[in-house]
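S.K.: This is the structure I have questions about; it appears just below.
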Amino acid sequence: MKRQKKVILLGVVFVALCVVILIVRGINKKIEAINTTDEEIYALDKAAATEVSWKNDGKSLSFEKSEEGIWQDPSDADFPVDQDKMDEFFANFESVHASFIINDVEDYSQYGLDSPTATLTVKAGDEETNLKFGTFSTMDSKRYVENDEGVVYLIDDDLVEYLDTDRDSFLRTDKLYDYDTVSALTVTGSAVNMDVKYLPDETHDYTDAWDYYMVDGEKYSPVETSRLNTFLSELTEMSMDEYETYTASEADIEKCGLDNPAVSITVEGSMDEADEDEPVAASYTVRLSNTGDDKFYARVDDSSIIYKLDEDTYNSLAEISYNTIRPDSVVTLEDVEVTGFTVESESDTFEVAVDKGWNDETTYTMDGEEADLSEVMEHIGNLPIDTFDLDEDAQAFLADGLSDPEMTITLKLDNENYDTLTICFYRYNGDDSFVTLNGETLGLVKREKMVEIKEGLIL
């Protein structure tokens, strides 16, 4: 009985060894069938291509070339296909290289090619080329691909990531040019009317630091270039990922409130070195609307596309005003020669002479003695306006008329058009003071800034 069990056990071991040998031989056979290569397995000729389609993750997308050579959606000729994005898509397949080739494949399922992850079909007239994409080899960081001849390759670039089946990613959106030089910005609407001009060779203030001015008849108000550029960047980077329609009719325009927009923004500019598709000088107009039901829209020029905006984007653009682009300091002393200044408060008066020597070293003299007042001068030249837009309480306070100032700073300039600049502070509350420049109210400043100037003068 024991002998019989031993024979049976040996038989089981023998069968198991045979199975192992067969598996090892099979593995060796597969390994021997995989060879390294550096071969171009496909080259897409976009000029000859007439149709292209692909499937990925259960979704599909297709385009065809019109007689005029324009790529379009065969199921929707009105959809504006971005031809540049089509070129970018084709560029990914202009030269497909493999680093491994697998010949004599018997079981395509082990490479995920019995049920491909994705497929690509390209037609050029009557000729058709198909590529099947299998699983991704994490060990080699390469994708299995099968061509029309049934040969399997491992490709270096995972082309599946370029097979985007979201048609909207190929939408031709309107171009908002990021001009090298913006020559004009015009904003109109129910709450704003603003005309900004680029006037780098003109000086309409006590300093020639400004390149842009808001022009209102004969009045020129300086614009801070950095704040203007921030707004222009927000405009050119406006998201155009979502749209209400790409076939806007008059009814659509009216429904979205764009027949009478809340704000219209026109930008004029030029390119220093324009590309073929970019004009040397041009302009565009963006119209914005809020229909009052938490829906916000934008339209560029007479485009057929109406875009959807989120509330934050709409507000950042629609709330443009002079206060959002004006200088945010009371004065700028860049390129301004100050020869002296007087500070008068309710209890003290300080008279300071300023002299810039031949070596550009500045000396300050107060009460006949030289003093280090460079920090005081820096505080004056960088005095920030905390609030331009006054609330109802502040407006009412201002309407009642300002009393005597808490402190007055008079800057003496070496300027034939502006002998002096007068800055006045008027108490509003414990934290804030109204500030005026040459009699014009600018906004509110923190009272602590005024105190810093005064304390710096008490030696």
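Nothing in this text is a laboratory measurement; each read-out follows from the coordinates by a stated rule. Because the structure is a prediction, the values reported are computed rather than measured. Neighbour counts run over all protein chains shown; Cβ positions are idealised from the backbone, glycine included.
S.K.: Which of SER316, SER249 has the fewest other C-beta atoms within 10 Å, and how do the rest follow up to the most?
M.R.: Listed from fewest to most nearby Cβ atoms, that is SER249, SER316.
S.K.: Continuing with this model, one more query. Helix check for the chain. Which DSSP H runs span at least 24 Å along their own axis by Cα, with a mean Kyte-Doolittle hydropathy no less than -1.0?
M.R.: Those that pass (Cα extent of 24 Å or more, hydropathy at least -1.0) are 2-33.
S.K.: Which values of log₁₀ I(q)/I(0), to two decimal places, follow from the Debye formula for segment 338-457 at q = 0.14, 0.17, 0.18 Å⁻¹ with a uniform point scatterer at every Cα?
M.R.: Results for segment 338-457 at q = 0.14, 0.17, 0.18 Å⁻¹ read -0.62, -0.87, -0.96.
S.K.: Moving to a separate point now. Report the extension gain between ASN323 and THR342 in nm, rounded to one decimal, defined as 0.36 nm multiplied by the number of residues separating them, less their alpha carbon distance.
M.R.: The ASN323-THR342 span can extend by a further 4.0 nm.
S.K.: While we're on this one: Write down, largest first, the equivalent ellipsoid semi-axes of segment 41-185 in whole Å, where each equals the square root of 5 times an eigenvalue of the alpha-carbon gyration tensor.
M.R.: 33, 18, 14
S.K.: Give me THR138, THR173, THR50 ranked fewest to most by other Cβ atoms within 10 Å of their Cβ, as a rough exposure proxy.
M.R.: THR138, THR50, THR173
S.K.: Then there is this: Hey, what did segment 338-457 get for relative contact order, percent, Cα under 8 Å, at least 6 apart?
M.R.: 25
S.K.: Mind running the shape call on segment 228-345? Use the C-alpha gyration tensor, a ≥ b ≥ c as the square roots of the eigenvalues: rounded below 1.5 for a/c, prolate if a/b tops b/c, oblate otherwise.
M.R.: oblate
S.K.: I'd like the distance separating the alpha-carbon centroids of segment 371-444 and segment 150-180, in whole Å.
M.R.: 55
S.K.: Counting pairwise Cα distances across the chain, what percent come out greater than 42 angstrom?
M.R.: The calculated P(r) of the chain puts 49 percent of pairs beyond 42 Å.
S.K.: Here's something else I'd like to know. Which value in nm describes the separation of the simple spin-label points at GLU378 and ASN193, placed 7 Å from the Cα toward the beta carbon?
M.R.: Taking the simple label geometry, GLU378 and ASN193 are separated by 4.5 nm.
S.K.: On to the next question. Please give the length that would be gained between ASN417 and ASP431 if that part of the chain were fully extended, namely 0.36 nm times their separation in residues minus their C-alpha to C-alpha distance (nm, one decimal).
M.R.: 1.5 nm
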